[in-house]
Amino acid sequence: MLFLYNLLVILASLVLKFLAFFSPKLKLFVEGRAHVFEELESKISSHDKVIWFHAASLGEYEQGLPVMEAMKEAYPNHKLVLTFFSPSGYEVRKNNTIAYLTVYLPLDTKNNAQKFIQSIHPEKVFFIKYEFWPNYLNELKKQNISTFLLSGIFRKNQVFFKWYGGFYRKALTAFDHFFVQNESSKHLIQNVGFFNVTVAGDTRFDRVVAILQRDNTLDFINHFKNDKTTIVIGSSWAKDESLWVQYIDNSTNDVKFIIAPHAIKSEQILSLKEQLSKSCILFSEREGKDLSTYQVFIVDTIGILTKIYSYADIAYVGGGFGSPGVHNILEPATFGVPIIIGPNYNHFAEATALVNLGGCISIATQNELDQAVTLLLHNVDERHEKGHICETFVQMNKGATATIVNYVKNDRI
């Protein structure tokens, strides 16, 4: 089985190199890996102490960030190496300040795994949430390197729990400990013979709680808001925006709207702006303008949405009309903001929980969106109650990072 797997990985690498000629994203995927080993050789010496974190993409990076920060504080003499699989994670966070070195993870061939682990010789390794690469895991086990899974999620449809999943189940033996998000994940992994598991929860709660301790002030947003009720539409996709354009165009002038689209390509931003009949200003056009005179503010940049949520009276989080579904709702929730989302959220435990608790409203049609916004705008008590539910939910679920780091620091491995 391992031979077949390695053959498929090699074939995939050849196909990706060909497809990269036609896809800018795949070009980043391929070219970004071209000089990884050269960079490792120039940056990591044989005397360095290294802790390695691997994230599939941006969401997993955010999930692992609290543990990275805590480990950096606990082990100040170690260098943190961060790897990404996806360009959508690496390209956004390649200049992060938490890791000493950030690179793409070379494809999971036996030779790559041996060479990569030899190059960084990590003392501890953390895989975030998922991505189980058999050759890397086999090499880590072979070298007896302490390996952990952070904020893991297991579902019964995964290959580990199928009759033919023995090859992947064997790879899981590399983990010294599994820190999972919920009891169902714990039970699933125990049912296939792994009892080195702790339900620690989701480290993203710790990340968003920490946001409250930072300065979230944005003077230009404060100027735009001008003490008026403000709805923030974050990480929106085309379907989300089509509903909101209709709502905004029919709204009164005493409500302000901030739209932070998921994609910020100039043609898409301009298309969105042209659809709106209300006065509208882009982030990139804000200099020298009296922002208080505009009703809609479109954020055509990245990296400030979290701070913008602190100004929201109501938040809509996009992605819920697509696959896999809604984006991160914990960022507005930590500020005590009531949330509206689309219908596809069942794969996200925090969204499911907040819908069931009543802090979050799921909508599927224009009429349902209109009703939800009307409720929250005109029933202030209802708005505050839902916001309180969201804030309390975040506070009640923090603590995963402390559980993980205390375990690792106590050398229970």
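The values are calculated or read from the model by the stated rules, or taken from the named source; none is laboratory data. Not measured: the values here are computed from a predicted model. Every residue, glycine as well, gets a Cβ built from its backbone with ideal geometry; the counts of neighbours run over all protein chains shown. We work out accessible area using only protein heavy atoms, side chains counted, and drop any ligands, DNA or RNA first. Shrake-Rupley method; radii C 1.70, N 1.55, O 1.52, S 1.80 Å.
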Kyte-Doolittle at least -0.5, axis length at least 15 Å by Cα - qualifying DSSP helices, the chain = 2-19, 58-74, 366-378
Rel. contact order, % - alpha carbon contacts under 8 angstrom, at least six apart, the chain | 12 percent
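Report, in debye and to the nearest 20, how large the dipole of the chain comes out about its Cα centre when Lys and Arg carry +1 and Asp and Glu carry -1 on their Cβ.
Values: 40 positive and 41 negative charges, 322 e Å.
Approximately 1540 debye in magnitude.
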Loop-resident trypsin sites (Lys or Arg not before Pro) in the range 117-160 with no more than 12 other Cβ atoms inside 10 Å, DSSP not H/G/I/E/B, are ARG155, LYS156
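Could you grab the relative contact order for the range 211-397? Cα pairs under 8 Å, six or more apart, rounded to a whole percent. Don't skip to the end; give the middle numbers.
Values: 329 pairs, mean separation 38.9, N = 187.
That works out to 21 percent.
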Neighbour cut-off at most 14 other Cβ (10 Å), DSSP loop, chymotrypsin sites (Phe, Trp or Tyr not before Pro), the range 146-195 | TRP163, TYR164, PHE195
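Starting from the Kirkwood Rh over alpha-carbon pairs, what translational D in µm² s⁻¹ does the range 159-282 have by Stokes-Einstein at 10 °C and 1.306 mPa s? Don't skip to the answer; put the middle values down first.
On the way: Rh = 19.2 Å.
Roughly 83 µm²/s, to the nearest whole number.
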If we count every other residue with Cβ under 13 angstrom of VAL326's Cβ, Lys/Arg +1 and Asp/Glu -1, where does the sum land?
-> -2
Straight distance only, please: which lysines reach the Cα of LYS386 with their own Cα at less than 28 Å, same-chain residues fewer than 8 apart left out?
-> LYS225, LYS228, LYS239, LYS256, LYS307, LYS398
Put +1 on the Cβ of each Lys and Arg and -1 on the Cβ of each Asp and Glu in the chain; which of ALA364, ASN135, PRO324 then has its Cα farthest toward the positive end of the dipole?
-> ASN135
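Do any of LYS25/LYS79; LYS72/LYS129; LYS162/LYS409 go past 24 Å between their Cα atoms, and which? All intermediate terms of the calculation are to be shown ahead of the outcome.
Values: LYS25/LYS79 29 Å; LYS72/LYS129 20 Å; LYS162/LYS409 35 Å.
Among LYS25/LYS79; LYS72/LYS129; LYS162/LYS409, the Cα-Cα distance tops 24 Å for LYS25/LYS79; LYS162/LYS409.
Given a cut-off of under 8 Å on Cα pairs at least six residues apart, what relative contact order in percent is computed for the range 189-314? Can you show the working numbers first?
On the way: 144 pairs, mean separation 39.3, N = 126.
Computed over the range 189-314, the figure is 31 percent.
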Put +1 on the Cβ of every Lys and Arg and -1 on every Asp and Glu Cβ in the chain; which of TYR309, PHE3, ALA99 then has its Cα farthest towards the positive end of the dipole?
-> PHE3
How much of the accessible area of the range 1-201, in percent, comes from carbon and sulfur atoms when a 1.4 Å probe is used?
-> 57 percent
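Of the peptides 234-243, 74-83, 365-374, how do they stack up when ordered by the mean number of other Cβ atoms within 10 Å, highest first?
On the way: 234-243: 20.3, 74-83: 17.6, 365-374: 14.7.
The packing order, highest mean first, is 234-243, 74-83, 365-374.
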Of (i) 22.8, 65; (ii) 24.0, 91; (iii) 25.8, 78, which is the value of Rg and Dmax of the Cα atoms in Å derived from the coordinates here?
-> (i)
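Highest mean first, how do 52-59, 383-390 rank when packing is the count of other Cβ atoms within 10 Å averaged over residues? Each step should come with its number before you reach the end.
Details: 52-59: 22.0, 383-390: 19.0.
Ranked by mean Cβ neighbours within 10 Å, highest first: 52-59, 383-390.
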Taking the dipole of the chain about the Cα centre (Lys, Arg +1; Asp, Glu -1; charges at Cβ), the one of GLN63, LEU272, TYR164 that reaches farthest to the positive side is TYR164
With the 1.4 Å probe rolled over protein heavy atoms, the range 33-170 has an accessible area per residue in Å² of 44 Å²
log₁₀ of I(q)/I(0) at q = 0.08, 0.15 Å⁻¹ - the range 1-152, Debye sum with one point per alpha carbon = -0.21, -0.77
